[in-house]
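> Below is the structure I would like to discuss, written out as structure tokens.
The values are calculated or read from the model by the stated rules, or taken from the named source; none is laboratory data. Worth saying up front: this structure is predicted, and the values here are computed from it rather than measured. Cβ placement follows ideal geometry from the backbone for every residue including glycine, while neighbour counts extend to all protein chains displayed.
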Amino acid sequence: MGGVPAGVHQAQAALGKRGQTVAMRAFGRHTGDMAKKDPQDSLDIEPRFLTLEQTARYLSVSVQQVYSLVRSGELPGIKIGGRGVWRVGVDQLERYVERLYEETADWTKKHPLGTRADDADDGDEGD
């Protein structure tokens, strides 16, 4: 597959059009990173799960924010093994993002641009 890491194609297919660049980012493969070899790149198994770090890169948030989302149950995740290593399923992540799009669309309909309530709540951190 031309140097593309294992799992990226599966993630791209699962995530649709937006997943093409996002999956590459989530797997830590930017243009400059493609030359770096990861031993897992040669595996024939397509990863089904992302680490919290990969999920954070995908969402452009901190790892702590992802951990909070997973621990609260807002973003479904699983704990693997005795040490409790957290993973987020690619399919669960896409459902979460789609749900956020729907919630944001509902919010924008209820809060039209230019209203006083909208002006007071216009930062990056939202409801």
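> Kindly provide the set of residues from the stretch 43-69 that are small (Gly, Ala, Ser) and assigned to a loop (DSSP other than H, G, I, E, B), ordered by number. Break it down stepwise before answering.
Quick first cut of the stretch 43-69, residues small (Gly, Ala, Ser) only: 56, 60, 62, 68.
Of everything in the stretch 43-69, those that are small (Gly, Ala, Ser) and assigned to a loop (DSSP other than H, G, I, E, B) turn out to be SER60, SER62.
> Go through the stretch 45-75 and give me each residue that's of a type in the set (S, T, N, Q) and either under 11 Å from LEU93 (Cβ atoms) or in contact (Cβ under 8 Å) with a residue 24 or more places away in the chain (or both).
Selection gives THR51, GLN54, THR55.
> Do you know which residues across the stretch 70-98 are more than 24 Å from GLU46 (Cβ to Cβ) and either at pLDDT 95 or above or not in a loop (DSSP other than H, G, I, E, B) (or both)?
Passing the criteria: ARG71, SER72, GLY73, GLU74.
> Name the residue, out of ALA26, ALA13, ALA56, that is touching a Lys or Arg at 6+ places or on another chain (Cβ under 9 Å) and either surrounded by 13 or more Cβ atoms within 10 Å (Cβ to Cβ) or at pLDDT 95 or above (or both). Reasoning before the result, please.
On the way: ALA13 fails: touching a Lys or Arg at 6+ places or on another chain (Cβ under 9 Å); ALA56 fails: touching a Lys or Arg at 6+ places or on another chain (Cβ under 9 Å).
On inspection, the qualifying residue turns out to be ALA26.
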